[in-house]
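In what follows, a single structure is set out as C-alpha cells and then discussed.
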Amino acid sequence: MNDQQPSEATVIEGAVEVAPTTSGGTSAIVLRSDQQEFDHKQVTTLALLSPRLAQAPRGHLAMFFHYCVRTGLDPFARQIYMIGRKNWKAADDPNEPEQTWTIQTGIDGFRTVAHRAAKAAGEVISYEDTVYYDSEGQALDVWLSQANPTAVKVTVLRGPARFPLIARWDEFAPTYFDAKQGGYVVAKMWRKMPAHMLRKVAEAGALRMAAPQDLSGVYVDEEMEQADAEAVAGVADDAARRLREAAGLEAGGQAEEAAAGQDSSDAAVSEDRPAPKRRARVAKPKPESQPGQEAESGQSPPARKRAAPRKRATSDKQRPAS
C-alpha cells in the first residue's frame, strides 16, 4: 500500500484531525484527500484497535476506506470499524471465505451521517414518538415492564417523507448457550436494557431508509449481535453433527450407510486391489449349513464328532466291571 505523504496534506471532512506533530505537520494517520486506500502506517494503527484487521484482504480494506470517506466517520476514533468473523460454513464449502467482514458503527455514527446527508439536501431529520408493543400486540408510548417488548417501532422523518421501521424481539435479540444453565439465554445487555437495545435496532433501520446513499452497507452493533450468535450456534451445531457422524449415531443409520458406500466406491476406484478377505470368510459357513452334502460327497466327519462316541463307549465298558 501507498506509504508516501504529500508535502501539503488536506484533511478529509469528518476525519480525525489530531494535534500537529513536532515537525509542524499533521498526524501520520490522518486521512488525506489524495489517498485512494489506507497506507501502511494507518493499517498498522487500525490493527491495534482491531487485531483481526491485519488479516483482512486488501480489497476489503479498500472497501472499508471507501466507507470511511463516504460517511466522513473517523476509524481511528472507532466511530466506524470493520469486524471480521469466522465463517463456519467454510469447513464444508471450499467456495466460502474463511472470514466474513462487516462494516459497523454505533447509533451515534448513524445519526451523524443521516443528519449530515439531510442538511446537505436542505432537509431536517426528526422523529415521531417511539411505539412499543407487548406480547398481545398492544401499542404503548412508554415501556415500563421488566420483560422485553415484543416489537419496537421507530419512524424517522426527513422533510415530508416518513420512514417507519418495526424491529421484532425474536428477530434481533441475540442468544448464547450457557453451560451453567444448560440452555440458550439472551445476551447480558439485552436482558438488562431490552427496550433500549431493540429501539436502537429500529432507529438504525429507519435512518438507513432515510439516507440510503450514505448508510447502505453499514450496520450498528446491535443489528449484528444476532449474526454473531448465529455464527456461534452454527459452529456448535456443526461440531455436534460431526461427532454424531463419527460415533455412528446419525438418525436412520446414515453414517453407517455412508461408510458402506465409501468402501464400495474405494473398491471401484482401485481395480487392481485383490478380493477382500471378508468375502472369503463369509463363504466358509455355507457347506456347514447343509449337512446332507457331507454324506453324499463321502467326506469324513470332523474330529470333534468322532471323539464324542469314544468317550461314551469307554464309560459303558467300565460300568459292569465296577
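Using a Förster distance of 45 angstrom, determine the FRET efficiency expected from the C-beta separation of Arg116 and Gln181, and round it to 0.05.
Once the sixth-power term is evaluated, E becomes 0.50.
Can you give me the relative contact order of the stretch 122-230 as a percent, contacts being Cα pairs under 8 Å and 6 or more apart?
Computed value for the stretch 122-230: 24 percent relative contact order.
Here is the link list: Lys86/Lys188; Lys86/Lys153; Lys153/Lys192. Which ones come out longer than 24 Å on Cα distance?
Long pairs (Cα-Cα over 24 Å): Lys86/Lys153.
What ranking, highest mean first, results for peptides 30-41, 90-101 when packing means the other Cβ atoms within 10 Å averaged over each residue?
Packing proxy ranking, top to bottom: 30-41, 90-101.
Taking a ≥ b ≥ c as the square roots of the Cα gyration tensor eigenvalues, with a/c under 1.5 meaning rounded and otherwise prolate when a/b beats b/c, else oblate, which class fits the stretch 122-230?
Taking the square roots of the gyration eigenvalues as a ≥ b ≥ c, the stretch 122-230 is oblate.
Only the coordinates and a few stated rules stand behind these numbers; no lab work does. What you are looking at is a predicted structure, and each value in this text was computed from that prediction instead of being measured. Cβ: placed from backbone, ideal geometry, glycine included. Neighbour counts: every protein chain shown.
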